[in-house]
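Encoded as structure tokens, the structure appears first; notes follow it.
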């Protein structure tokens, strides 16, 4: 192990795992390890492959720990996931939120879940409301559920495995779980109603040090015995954190990946449309943030067949001129148009045109999310869609305002690292500005797209 101080960010996304080694002072990335994240289909229900994820974490920390002295570990993960544990480990597998199992108890759950005015958490399908997951598990596996001694939000589960210290944290509790009342800054009435208080470990700030890495684990992986582990943070809120520290409201952040989460800083909570997948996220400081969601990363893959190559300007012109457009939604039950069946307006276009069509589709849906949250000011885009110039240009035109796109592979890493303290000499991350200039044909295209949404879904 070298003596160069560093910090490591463990980023567990729905589709990919990432482990990044950053310079302790500047937070510049020094090394990055990645791996696909695939659910398991065996066992009682589809679930996270906790063993494989842990193997990735252990192997990655051992590899990166040989390159620098890791002083701090931070975990960030996707939402709608939590672990029920006893003293030994999991009492039930960590449910994949795309599993439809919780639909079996949805009617009974609706009778006990709090109103949107309390939780600002919309009713979502499958396991996207963490409360619905837990209710289904309690009803379906009562003996296993009764053995549970703690409920850990997903980032805190991995922090517990690293330290042995159990905690809860507001950014994961506050992302459409039904478990948190953001205006009260406390657990929702659901937790008391169902007797889940006993499962809730102490509430700790995202940046708080839970403890050092467990001694046996530190020795085995070659980590420093005083390597500290922070409580951890929900991934979209990690992306938001550096902007909260750096700029005044109002502004909006689009955190893109499998999901696109729109967060409107400085906008009011009143008027959020629960039926259109709007909610209040909770930031790292415990403050509610008007937000809207759409599964645009998944929809983009479905529309393009996984083709990610940039499309030529002439291809975009062809798509606009011929009004080749996709209409929402290709992932049912979520996003601003949850009840519409997604389809291409005419016949599915040739593969060469689909990427442009998908990019424009994502821009139109993202613009709708910004409008639903009453976002004002600069729009900042991070993650994969920030590298899609057609998406960014179209969004700037639809918004009639500037859009800034990050050149970083993800804002999640930088945001999670910010929990350890601001960098002393910030690593320069290039941003590309897209002004509200004209994209020829986009205004008519957008008008036709919106008109199609008022027609009866086919």
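Quick check on the chain: helices-only [θ] at 222 nm, where DSSP H runs of length 4 and up contribute -39,500 (n - 2.57) each and the sum goes over total residues. Nearest 500, please. The partial results should precede the final answer.
Numbers: 16 runs with 152 residues, N = 458.
My calculation for the chain gives -9500 deg cm²/dmol from helical runs alone.
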Any chance you could list P(r) for the chain, counting all Cα-Cα pairs in 10 angstrom bins from zero, rounded to whole %?
4, 21, 31, 26, 14, 3, 0
To the nearest 10 degrees, the tilt of helix 442-454 (Cα long axis) against the first principal axis of the alpha carbons of the chain is 80
Just the Cα atoms of the stretch 371-429: what Rg and Dmax do they give in Å?
13.5, 37
So what's the gap between the Cα centers of the stretch 336-413 and the stretch 87-116, to the nearest angstrom?
31
For the Cα atoms of the chain, what angle does the longest principal axis make with the long axis of helix 389-399, in degrees from 0 to 90, nearest 10?
70
On a 0 to 90 degree scale, rounded to 10, what angle separates helix 351-372 from the longest Cα axis of the chain?
70
Quick calc: nm separation of the 7 Å Cα→Cβ label points for residue 66 and residue 41 -> 3.6
Among DSSP bridges having both ends in the chain, what percentage is antiparallel? Round to the nearest 5.
70
Here the gain from full extension of residue 443 to residue 317, 0.36 nm per residue of separation minus their alpha-carbon distance, amounts to 44.1 nm
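Using the Kirkwood radius built from alpha carbon pairs, what does the Stokes-Einstein equation give as D for the stretch 216-256 at 25 °C and 0.890 mPa s, in µm² per second?
On the way: Rh = 13.1 Å.
For the chosen part, D equals 187 µm²/s.
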When N counts the residues of the stretch 1-150, how does its alpha-carbon radius of gyration compare numerically with 2.2 N^0.38 Å, as a ratio?
1.26
Quick one: give the max-minus-min coordinate of the C-alpha atoms of the stretch 159-254 along each principal axis, largest first, in Å.
43, 41, 17
What translational D, rounded to a whole number of µm²/s, comes out for the stretch 236-454 from Stokes-Einstein when the hydrodynamic radius is the Kirkwood one over Cα pairs, at 25 °C and 0.890 mPa s?
140
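Since every read-out is calculated from the coordinates, none of them should be taken as a lab result. Note that the coordinates shown come from a computational prediction; the quantities given were computed from them, not determined experimentally. Neighbour counts run over all protein chains shown; Cβ positions are idealised from the backbone, glycine included.
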